[in-house]
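Let me begin by presenting the structure, written as structure tokens, before commenting on it.
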Amino acid sequence: MLTTSAAKQPAASSIQRWKTVFLASLGSSLEMYDFIIYGVFARDIASQFFPSFDPVVALISSFGVFALGYFSRPIGAIVLSSHGDRHGRKGVFLVSVLAMSAATVGIGILPGYASIGIFAPLGLIALRLAQGFFLAGELPCAITYVVEEVPQKAGFVSGMVLFFLNSGIFIATLTNFAIQSSLGVADVQGYGWRIAFCFGGVLGLLSYTLRRSLEETQEFARMRSNVSKKPFREMLSQHGRSVLVGVGIASVVNAGNIMLFVFFPNFATTVLRCDPRVVSVSQNIGVACLSVSILFAGWLSDYVPRRFVHRAGTLLLIAGSYPLYLGLVSKQIDLWTGAALMGTVGGLVAGTYACILADLFPTVVRFSGVALSLNLSTVVFTGLTPIAISFLMRTTHQPAIPGLYLALVAALAFAVGLLLKRTGGRLRVH
């Protein structure tokens, strides 16, 4: 028979694990706000840093800088994840959040083109590169943290990370709604967007405070004496195929999320000529639906093979993306319904892909494997998506082409998903 103290010890351990899951996930949401707020205010930033007689050209320039933030992520992934696999995950968390906060505030106070000329866009580029570098280890580290703490519920806890990550984006869209509702168009372009960036710095300090109490995962603590001296090299030599599979699995999530979070509001205001306030409400509905769908899909993937849930989501995107955009352009589908559908279906793939990536790699190189897979996919399918679609729309004059683009990416993810083998929901710890 267990003594009272012995009975309390497992309970306390369980509470500590879920506390770790909560703090890792919540911190990710605050840091993601810092990165995504640029995309939310891309149109306003364009007017300050990229003056042009053609607003579409200015917007493409702004999206170009947005994309640059993703090109520094593979380098950040290599540096930060290698450190995390050798020395532990906590240090990466603390350094990344402080650096992200500093870069975000820097963008918020950076003078515009009218004040310092060419140094304005150059400074913006440097700060976006810094954001991308330090964000590269954020989501992979959070995923690694939670699946190693609660492996028996890996699907649900990795879904929690994505849920809270999404909450950071939700905070960004709510901030946009508050600023758009309280200020005029000229004031939003002049200084309103800067308020959102400075607010992000405050959130970053809050995230740092919360993460100071985190401890290393139990799985990493058990293998601390057997860590790889060169985890990135080992990961490439022994798990290169898994990296390629991970890139394909994550492709549709990256493309779908950036379209909902960044491209959709600019598309709705610029192409569909909708009121920015209506667009903001619609986007919040879409993000809310995505958050709920992510949690459901993560929970479901602990009972149903994850690859099946992922495939269901990709098939729905293949079949429905182009008709949805055709309906939006023809006004047969309203913005609220369109955003809700994007979020609900997108959650089926977003809620499962994180744990699928973690399943692909053993503990000794898991951080490095997840980081490289996720960030390579992010460069191609997140960083380039807004500017690529904007360019295609400008050259083809087909406003519904974003739906076709998403359907093609979903087809790629479905094809790669067929390569996944059964894992039984068990993480590889060898």
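The values are calculated or read from the model by the stated rules, or taken from the named source; none is laboratory data. Since this is a predicted model, take the numbers as computed values, not measurements. Glycine also receives a Cβ, built like all others from the backbone with ideal geometry; neighbour counts cover every protein chain displayed. Calculation scope for accessible area: heavy atoms of the full protein, side chains included, ligands and nucleic acids excluded. Shrake-Rupley method; radii C 1.70, N 1.55, O 1.52, S 1.80 Å.
Observations on the model:
- Check on LEU326, without any contact (Cβ under 8 Å) to a residue 60 or more places away in the chain, under 21 Å from ALA410 (Cα atoms) and surrounded by fewer than 23 Cβ atoms within 10 Å (Cβ to Cβ): no
- Criterion: surrounded by fewer than 18 Cβ atoms within 10 Å (Cβ to Cβ), part of a helix (DSSP H, G or I) and modelled with pLDDT of 85 or more - qualifying residue of ALA250, ALA196, ALA221, ALA178: ALA178
- Residue match in region 382-396 (condition: modelled with pLDDT under 85 and closer than 15 Å to GLY248 by Cβ): yes
- Within region 374-391, the residues that satisfy the criterion of being in a helix (DSSP H, G or I) and not hydroxyl-bearing (Ser, Thr, Tyr) are LEU374, ASN375, LEU376, VAL379, VAL380, PHE381, GLY383, PRO386, ILE387, ALA388, ILE389, PHE391.
- Test: LEU127 is at pLDDT 85 or above, more than 20 Å from ARG211 (Cα to Cα) and open to solvent by less than 50 Å² (accessible area, probe 1.4 Å): yes
- Cβ pairs under 6 Å, 6+ apart, first in region 370-386 and open to solvent by 10 Å² or more (accessible area, probe 1.4 Å), second hydroxyl-bearing (Ser, Thr, Tyr) and at pLDDT 80 or above: PHE381/SER251
- Criterion (among the hydroxyl-bearing types (Ser, Thr, Tyr), open to solvent by 10 Å² or more (accessible area, probe 1.4 Å) and touching a Ser or Thr at 6+ places or on another chain (Cβ under 7 Å)) met by exactly one of THR344, THR352: THR344
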